[in-house]
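Below is one structure, written out as structure tokens; comments come after it.
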Amino acid sequence: QNQVFTFGGGTAEGDKSMKELLGGKGANLAEMSSIGMPIPPGFTISAKICKYYNEHDGQWPEGLKYEIQDSIQQLEELMGQQFGDPEDPLLVSVRSGAAISMPGMMDTVLNLGLTDQSVQGLAQKMDNERFAYDCYRRFIDMFGDVVMGVAHEKFEIALQKLKDEKSVELDTQLEVDDLKELVDRYKKVYKNNTGEDFPQDPDDQLRLSINGVFGSWNAKRAIKYRKINKITGLLGTAVNVQAMVYGNMGDDSATGVCFTRNPSDGKSELYGEFLINAQGEDVVAGIRTPRDINELKEVMPDSYDELLELTNQLEEHYQDMQDIEFTVQQGKLFILQTRNGKRTGAAAVKIAIDMVDEGILKKDKAVANLVEPGHLDQLLHPQLKEDEIDENDILGKGLPASPGAAVGKVVFDSDIAEEEHGKGNPVILVRIETSPEDVGGMSAAEGILTSRGGMTSHAAVVARGWGKPCVAGCDGINIDYDKQQFTAGDVTVRAGDWISIDGARGTVINGKKEVEAPQFGDNFRTFMTWVDEFRDMDVRTNADTPEDALRAREYGALGIGLARTEHMFFGEERIREMRRMIISESEGERRSALENLLPYQREDFIEIFEAMEGLPVTVRLLDPPLHEFLPDEEKEVKTLAKELGISTAELNRKIRLLSEFNPMLGHRGCRLGITYPEITEMQARAILEAAVEVKSRGKEVYPEIMIPLVGTAEEFIHERHVVDEIAEDVFAEKGSEVDYKVGTMIEIPRAALIADKIADEADFFSFGTNDLTQMTFGYSRDDAGKFLEHYLNEGILKNDPFQVLDQEGVGQLVEMGVTKGRAAKSDLKVGICGEHGGDPSSVAFCYNLGLNYVSCSPYRVPIARLAAAQAFL
Ligand code: PEP
Ligand code: MG
């Protein structure tokens, strides 16, 4: 197989499907070449080689050298120039590009091929000395920085010194002779820091640069970015070697980046920025302030029209919004790169709807590809309360780089942001601008504020990708890292002070403001109806209050998959009765306390059944061990003893008696109901009386009573028997019946192993993957944090198994439970109500196993709906 893939001149050896080998950039360059886009020709070295290089101590595999030579030759033929020709040198760029885009993480070298000799040839050929030397000094800087590890700052210092000596402010004000001088100084910086002369053989330059890109795959910041974004399983980065085109050849040249639609709100318009007489790096690095793409229409109308035409073509070809880099060289437009653009949740939904309306793609494709579950998460983000905001509190306005409201204490340093976040303190990371070194702090912060940089600056791009609120380029604030403060007019804000930011409006507000729940627009609603057209697995919610139930219903939940009844005992009076029940010495005492609890429970269930009118509601009987309801602080114990009319010593004895070494494996779940059947009786009665009551009000109810922590069929049979007897009593007393079901959680590994026996008795299963994960791994749900972080860092685990279902292990038990259960009862209803019910990859897994529904917290219901539809598509 090829190690190197050429593209250009209307053909290519690769295509867009080959991202794994060619990286996103390489695959799309190949694709663009094949569809006739004006791209500079070149070739891509496969990511497989990067893997080989990093596993073989920097060696190249056999034959690579010759494949590269051949590809260079092909490139020379297409360009009519020779690599290393001193008169008319072929210059190339060398860029990284992995299968998953990692903005700003990997490195680029431009103008490669220039030497002391060929810079003169270039000057003559282009009839532009200034341009040639500008290219050369950029090349020395980038090559030194990226390939040889000489800090870019060292070159910056030399540049600033020269500018000071010449009393000029802008790079562009330097004369030709100044640039020649600068090249000499840069070469000295290079030699002082590397101990070697700047390489004068283009083949050496190329080899070293390719190795530099390969090596950058394992740079600290790249590893960190992959970790934060959970990017695993890639071979490495591909390397793209491409003929140079120049945006810095004068005022008829330019370089820029643009999106085919607005990535912030989704509006259909060309969106982006450009710089006249500049090279690509100038835009991304935020050194010069770029101009709005709409101004290109005025300064280069022909190029603008062509750009619009080509970008539309690209969007239609890829059936997705594109993020494009382009260069105009002396009036001729080149596309350097295209990829699916990152966008906010609101933009994703609007773009999906608009592109279907415009006939670019069909609904199914839009649902499958244009909105990620995480995008919906953003739409559900909190917003600042508008009337809370006093004009006088507004410290400044920047770019609305990424929507959502964030409130936190100001920190200026990424490490401190991580530290404070670790202590549980919300922080806003405030930086002049961010760099890839800051990703840890950005990830830890609630929101990000920068005083410099545009909508495509590092901070903006990364924050949008994460759905993290960000205000960028807020130049009204003046940041002083030394003093650890920023000023806005005459207000000084110090590290540790509270601020609030509104990433949708771009405002920075003094103080700790209140936030409110998001409101969905029509686009969201429309999109969700499309989602439901392709979804054939139900989504329910985990909810214990009527408020949560109603919210989840609004988000599209088709029932409650788990109501945890233990959450219903926390009111002041009910907890007292609960505690009286717990410390009872005799069944009689316990029954009398339970009798007092019954009306509370019944009332709760009535409200929940009414909120979920017409939909199934799974109520789980009491689960946690009893000591969880008793106080552990001495003072509280005293008060409680007084309330219950017993001595403190007596209460302490009770508490000691009930406390367990490993409560997660202790006296909880059905073990409680079996040892104290009166608890099951009371709860079953409350549920069924409530159901009868709600039915008598003319509403449909579908109660499903769920027995927790079952490990043997006998446990289930015992509990089911208690419930059925109570049902008979209640229906006889009320003279009215309701349909009800009795099912079980499958959350103990043994239950999955004997699922067929349990299914003989049960009406439904619901996988409690929280406990199932805990018991299968043998990790305590409460304490696993102590080592999980380490496991994730070391790659021992790919994901926290309490967030993302471990398909390989725990998944086998789920599969076995479904298969055995349905073998015994073919129409057995099966769902999942562990945390994993709201995790997209786990939802897809459940769909593939044929589950009837997933159940998750209200805010994740839309996400699970989309994940279910995408699993179907
Ligand atoms: C479970 O174990 O997955 C579950 C849903 O129940 P809980 O988290 O209440 O134990
Ligand atoms: Mg459980």
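Tyr847 - would you say it is in contact (Cβ under 8 Å) with a residue 60 or more places away in the chain, open to solvent by 10 Å² or more (accessible area, probe 1.4 Å), touching a helix residue (DSSP H, G or I) at 6+ places or on another chain (Cβ under 7 Å) and away from ligand 2 (no atom under 16 Å from the Cβ)?
Considered against the rule, which asks whether it is in contact (Cβ under 8 Å) with a residue 60 or more places away in the chain, open to solvent by 10 Å² or more (accessible area, probe 1.4 Å), touching a helix residue (DSSP H, G or I) at 6+ places or on another chain (Cβ under 7 Å) and away from ligand 2 (no atom under 16 Å from the Cβ), Tyr847 comes out as yes.
Please determine whether any residue of the range 691-705 is open to solvent by 10 Å² or more (accessible area, probe 1.4 Å) and within 14 Å of ligand 1 (Cβ to nearest atom).
No - not one qualifying residue is present in the range 691-705.
Considering only the range 666-675, I want to know if a residue exists there that is more than 16 Å from ligand 1 (Cβ to nearest atom) and either modelled with pLDDT of 95 or more or open to solvent by 10 Å² or more (accessible area, probe 1.4 Å) (or both). Break it down into steps so the answer makes sense when it comes.
Going through the range 666-675, the residues more than 16 Å from ligand 1 (Cβ to nearest atom) turn out to be 674-675.
Pick out the ones that are also either modelled with pLDDT of 95 or more or open to solvent by 10 Å² or more (accessible area, probe 1.4 Å) (or both) and you get 674-675.
Looking for residues that are more than 16 Å from ligand 1 (Cβ to nearest atom) and either modelled with pLDDT of 95 or more or open to solvent by 10 Å² or more (accessible area, probe 1.4 Å) (or both), one finds at least one in the range 666-675, hence yes.
Cβ-Cβ distance below 6 Å, separation of 6 or more or different chains: which pairs start in the range 699-711 with a residue that is more than 16 Å from Ile758 (Cα to Cα) and end on one that is in a loop (DSSP other than H, G, I, E, B) and within 13 Å of ligand 1 (Cβ to nearest atom)?
Partner pairs satisfying both residue conditions: none exist.
Just to be sure before I move on: is Glu269 of a type in the set (Asp, Glu), open to solvent by 20 Å² or more (accessible area, probe 1.4 Å) and in a loop (DSSP other than H, G, I, E, B) in the structure I sent? Let's see the steps before the verdict.
Numbers: of a type in the set (Asp, Glu): yes; open to solvent by 20 Å² or more (accessible area, probe 1.4 Å): yes; in a loop (DSSP other than H, G, I, E, B): yes.
In short, yes.
Test of understanding: among Ile39, Ile68, which residue is under 20 Å from Ser209 (Cα atoms), in contact (Cβ under 8 Å) with a residue 12 or more places away in the chain and open to solvent by less than 60 Å² (accessible area, probe 1.4 Å)?
Sole residue among the options that is under 20 Å from Ser209 (Cα atoms), in contact (Cβ under 8 Å) with a residue 12 or more places away in the chain and open to solvent by less than 60 Å² (accessible area, probe 1.4 Å): Ile68.
Do we find that Thr545 is within 16 Å of ligand 1 (Cβ to nearest atom), farther than 21 Å from Thr769 by Cα and open to solvent by 20 Å² or more (accessible area, probe 1.4 Å) in this structure?
The answer is yes for Thr545.
What number of residues in the range 719-760 are more than 16 Å from ligand 2 (Cβ to nearest atom) and assigned to a helix (DSSP H, G or I)?
21
What is the one condition in (1) modelled with pLDDT under 90; (2) open to solvent by less than 20 Å² (accessible area, probe 1.4 Å) that Leu399 does not satisfy?
(2)
Can you name every residue in the range 850-873 that is at pLDDT below 95, open to solvent by less than 30 Å² (accessible area, probe 1.4 Å) and within 16 Å of ligand 2 (Cβ to nearest atom)?
Within the range 850-873, just Cys856 meets the criteria.
Give Val830, Val818, Val810, Val843 a once-over and let me know the one that is modelled with pLDDT of 90 or more, of a type in the set (A, V, I, L, M) and within 23 Å of the chain's Cα centre (by Cα).
Going through Val830, Val818, Val810, Val843 in turn, the sole match is Val843.
What residue, among those in the range 246-266 that are assigned to a loop (DSSP other than H, G, I, E, B), more than 21 Å from Tyr318 (Cα to Cα) and not polar (S, T, N, Q), is most open to solvent (accessible area, probe 1.4 Å)? It would help to see each step written out before you state the result.
Within the range 246-266, the first condition is being assigned to a loop (DSSP other than H, G, I, E, B), and the residues that meet it are 246-253, 260-266.
So of that shortlist, the ones also more than 21 Å from Tyr318 (Cα to Cα) come out as 246-253.
In the following step, the residues that additionally are not polar (S, T, N, Q) were identified as 246-247, 249-252.
On the way: Tyr246: 13, Gly247: 2, Met249: 13, Gly250: 17, Asp251: 125, Asp252: 70 Å².
Among them, the one singled out is Asp251.
Checking Glu835 against (1) open to solvent by less than 10 Å² (accessible area, probe 1.4 Å); (2) farther than 18 Å from Val617 by Cβ; (3) within 14 Å of ligand 1 (Cβ to nearest atom), only one condition comes out false. Which one?
Going through (1) open to solvent by less than 10 Å² (accessible area, probe 1.4 Å); (2) farther than 18 Å from Val617 by Cβ; (3) within 14 Å of ligand 1 (Cβ to nearest atom) one by one, Glu835 breaks only (1).
What number of residues within the range 568-597 satisfy the criterion of being surrounded by fewer than 18 Cβ atoms within 10 Å (Cβ to Cβ) and either of a type in the set (A, V, I, L, M, F, W, C) or assigned to a helix (DSSP H, G or I) (or both)?
13
So, in the range 735-752, exactly how many residues are crowded, with 16+ Cβ neighbours inside 10 Å, away from ligand 1 (no atom under 16 Å from the Cβ) and either under 24 Å from Val843 (Cα atoms) or more than 41 Å from the chain's Cα centre (by Cα) (or both)?
Residues meeting the conditions: 1.
Please go through the range 600-657 and pick out each residue that is without any contact (Cβ under 8 Å) to a residue 60 or more places away in the chain, closer than 28 Å to Leu709 by Cα, not in a helix (DSSP H, G or I) and not acidic (Asp, Glu).
Pro624, Pro625, Leu630, Pro631
Return the residue satisfying two criteria in turn: it lies in the range 660-682 and is within 16 Å of ligand 2 (Cβ to nearest atom) and within 21 Å of Asp763 (Cβ to Cβ), and of such residues it is nearest to the chain's Cα centre (by Cα).
Out of the qualifying residues, it is Gly669.
Is the range 609-618 home to any residue that is crowded, with 23+ Cβ neighbours inside 10 Å, within 16 Å of ligand 2 (Cβ to nearest atom) and not hydrophobic (A, V, I, L, M, F, W, C)?
Of the residues in the range 609-618, the ones crowded, with 23+ Cβ neighbours inside 10 Å are 609, 612, 617-618.
Pick out the ones that are also within 16 Å of ligand 2 (Cβ to nearest atom) and you get 618.
With not hydrophobic (A, V, I, L, M, F, W, C) added as a condition, the list becomes 618.
For the range 609-618, residues crowded, with 23+ Cβ neighbours inside 10 Å, within 16 Å of ligand 2 (Cβ to nearest atom) and not hydrophobic (A, V, I, L, M, F, W, C): present.
Among what's in the range 628-648 and is open to solvent by 70 Å² or more (accessible area, probe 1.4 Å) and modelled with pLDDT of 90 or more, pick the residue that is nearest to ligand 2 (Cβ to nearest atom). Lay out the reasoning, then the answer.
Keep residues of the range 628-648 that are open to solvent by 70 Å² or more (accessible area, probe 1.4 Å), which gives 628, 632-636, 638-639, 642-643.
Still in the running and modelled with pLDDT of 90 or more: 638-639, 642.
Details: Lys638: 33, Thr639: 31, Lys642: 34 Å.
Looking at residues that are open to solvent by 70 Å² or more (accessible area, probe 1.4 Å) and modelled with pLDDT of 90 or more, I get Thr639.
Which condition number in (1) open to solvent by 30 Å² or more (accessible area, probe 1.4 Å); (2) β-branched (Val, Ile, Thr); (3) touching a strand residue (DSSP E or B) at 6+ places or on another chain (Cβ under 8 Å) is the one that Val213 fails?
(1)
Can you give me the number of residues within the range 803-844 that are in contact (Cβ under 8 Å) with a residue 60 or more places away in the chain and assigned to a loop (DSSP other than H, G, I, E, B)?
Matching residues across the range 803-844 total 4.
Only one of these is over 14 Å from Tyr676 (Cβ atoms), part of a loop (DSSP other than H, G, I, E, B) and either within 16 Å of ligand 1 (Cβ to nearest atom) or at pLDDT 90 or above (or both): Leu550, Leu558. Name it.
Being over 14 Å from Tyr676 (Cβ atoms), part of a loop (DSSP other than H, G, I, E, B) and either within 16 Å of ligand 1 (Cβ to nearest atom) or at pLDDT 90 or above (or both) holds for just one of Leu550, Leu558, which is Leu558.
I need the full set of residues from the range 765-775 which are more than 7 Å from ligand 1 (Cβ to nearest atom) and aliphatic (A, V, I, L, M), in order please.
Met775
Looking only at residues in the range 776-802 that are within 16 Å of ligand 1 (Cβ to nearest atom) and in contact (Cβ under 8 Å) with a residue 40 or more places away in the chain, which one is most open to solvent (accessible area, probe 1.4 Å)?
Asp782
If I ask for residues that are in a helix (DSSP H, G or I) and within 16 Å of ligand 2 (Cβ to nearest atom), which ones from the range 709-718 would you list?
Residues satisfying the conditions are Glu715, Phe716.
Any chance the range 96-116 includes a residue that's free of Cβ contacts under 8 Å to residues at least 12 places away in the same chain and open to solvent by 60 Å² or more (accessible area, probe 1.4 Å)?
no
Mind listing whichever residues of the range 761-785 are away from ligand 2 (no atom under 15 Å from the Cβ), modelled with pLDDT of 95 or more and assigned to a helix (DSSP H, G or I)?
Glu761 - this is the single residue of the range 761-785 that is away from ligand 2 (no atom under 15 Å from the Cβ), modelled with pLDDT of 95 or more and assigned to a helix (DSSP H, G or I).
The values are calculated or read from the model by the stated rules, or taken from the named source; none is laboratory data. Since the structure is predicted, the reported quantities are computational estimates derived from the model, not experimental observations. As a convention, Cβ positions derive from the backbone with ideal geometry for all residues, glycine included, and neighbour counts pool all protein chains shown. Just the protein is used for accessible areas: all its heavy atoms, side chains included, with ligands, DNA and RNA removed. Shrake-Rupley method; radii C 1.70, N 1.55, O 1.52, S 1.80 Å.
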